[in-house]
There are 4 protein chains.
Amino acid sequence: MSDTAAEQHGHLEHDAEAVQAHLKRLRRIEGQVRGIQRMVEEEKYCIDILTQVSAVTKALQSLALVLLDDHMAHCLVDAARKGGAEQEEKLKEASEAIARLVRS
Amino acid sequence: MSDTAAEQHGHLEHDAEAVQAHLKRLRRIEGQVRGIQRMVEEEKYCIDILTQVSAVTKALQSLALVLLDDHMAHCLVDAARKGGAEQEEKLKEASEAIARLVRS
Amino acid sequence: MSDTAAEQHGHLEHDAEAVQAHLKRLRRIEGQVRGIQRMVEEEKYCIDILTQVSAVTKALQSLALVLLDDHMAHCLVDAARKGGAEQEEKLKEASEAIARLVRS
Amino acid sequence: MSDTAAEQHGHLEHDAEAVQAHLKRLRRIEGQVRGIQRMVEEEKYCIDILTQVSAVTKALQSLALVLLDDHMAHCLVDAARKGGAEQEEKLKEASEAIARLVRS
């Protein structure tokens, strides 16, 4: 979606609290990824490294579900009230985002 | 698995090339996570952020599968040749790691 | 969700064509499951059986995504237009259904 | 893998008990799929149908993990003891089967 269209709809709805919560999750995920780098550098046991990789994958999944909830509660609801082409576009985008999540 | 047991089995089999390849993937993943942080800070469109989160999840999945292949080709094969308790332990560990991956 | 509430919202929106398409997918999935039963009875090679299990999982995923799209385009949009408690309930339900799909 | 090669390695290792357990799971899955058909025919609420689809997906995942454990404990261990080309083939097959499971 082009930036201008995004700006009109107010993407993250400027919810400072939600933005901070997302950033906190992302910094933790970044720290976990660096932790895995250290495990690989120190040649830790592969199964222990795999356990951490699964943990980061789960953390990303939780972040994605929170972002999706945000999007549906704001952007999708707004578009549904407008109806027409904007509703169809938002439904299509949400559907494709959900499919990517389910298949990743 | 305790570190001492890990050291005996030679976790990543000291394959410097594989270690460097894993680190390269992990640094790219770290960069992608920081990229998502910037998108959230700049309040980019949520669907575009979700697309990046799915991309990082896929990158982690690929890393996990490579690590698992490494483990099976070295640790599991070694244990199978020894048979007995070590074989059973390695099969159990691999099975649990695969289940975590499938369910994450 | 209780049946009476479901009836009011018109669950599958009485779209006969969509219902028939879902049933066609489900009958094919049923046939695939019976095919796997035969493979197990005939003690076919486990990797070949696993390939079929993954195929059925993918078919179920596709069905789930179509059902979810249906639900969002009808029930969620209707609820968004009504707003209030019904909107919140539908958003919560959709969020939980998506989380189950992502985590299964 | 061609049937003849499969027969030599004794795929499901003729473990009658395991075969019966797999069949029992598969018949339950078949029953769940037929149950979903009835829900669609009776136009039950889509979220309730999605809940059942996720349940079947989980049941298939569990079956796949059991089949994979079986395969690793028998075919992969046998091949590891033989070493050489058969070991490489079995490792490759297992790796691809695990990737399909993780990505489905």
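What follows is calculated from the coordinates using simple rules that are stated; it is not laboratory data. All figures in this text were calculated on a predicted structure; none of them were measured in a lab. Ideal geometry is used to build each Cβ from the backbone, glycine not excepted, and the neighbour counts take in all protein chains shown.
Please go through region A:54-89 and give me each residue that is over 29 Å from B:Leu63 (Cα atoms) and hydrophobic (A, V, I, L, M, F, W, C), ordered by number.
Taking region A:54-89 as the starting set, the residues that turn out to be over 29 Å from B:Leu63 (Cα atoms) are A:70-89.
Answer for region A:54-89, where residues must be over 29 Å from B:Leu63 (Cα atoms) and hydrophobic (A, V, I, L, M, F, W, C): A:Met72, A:Ala73, A:Cys75, A:Leu76, A:Val77, A:Ala79, A:Ala80, A:Ala85.
For (1) at the interface with chain A (Cβ under 10 Å from one of its Cβ atoms); (2) closer than 30 Å to D:Leu91 by Cα, each residue gets a yes or a no:
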position: C:Leu50; (1), (2): no, yes
position: C:Leu60; (1), (2): no, yes
position: C:Asp69; (1), (2): yes, no
position: C:Leu76; (1), (2): yes, no
position: C:Gly83; (1), (2): yes, no
position: C:Leu91; (1), (2): yes, no
position: C:Ala94; (1), (2): yes, no
position: C:Ala99; (1), (2): yes, no
position: C:Val102; (1), (2): yes, yes
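Can you name the residue in region B:12-26 that is assigned to a helix (DSSP H, G or I) and either hydroxyl-bearing (Ser, Thr, Tyr) or more than 7 Å from chain A (Cβ to nearest Cβ) (or both) and is also surrounded by the most Cβ atoms within 10 Å (Cβ to Cβ) among such residues? Full working, then the answer.
Going residue by residue through region B:12-26, those that are assigned to a helix (DSSP H, G or I) are B:16-26.
Checking which are either hydroxyl-bearing (Ser, Thr, Tyr) or more than 7 Å from chain A (Cβ to nearest Cβ) (or both) leaves us with B:16-18, B:20-21, B:24-25.
Working: B:Ala16: 9, B:Glu17: 7, B:Ala18: 17, B:Gln20: 11, B:Ala21: 15, B:Lys24: 10, B:Arg25: 19.
Applying the filter and picking the extreme gives B:Arg25.
Of the residues D:Ile29, D:Ile47, which is over 14 Å from the mean Cα position of the chain (by Cα) and not small (Gly, Ala, Ser)? So that I can check it myself, show each step before the final result.
Values: D:Ile29 fails: over 14 Å from the mean Cα position of the chain (by Cα).
One residue alone meets the criteria, D:Ile47.
Within region C:33-51, which residues are surrounded by fewer than 19 Cβ atoms within 10 Å (Cβ to Cβ) and in contact (Cβ under 8 Å) with a residue 12 or more places away in the chain?
Residue satisfying the conditions is C:Gly35 alone.
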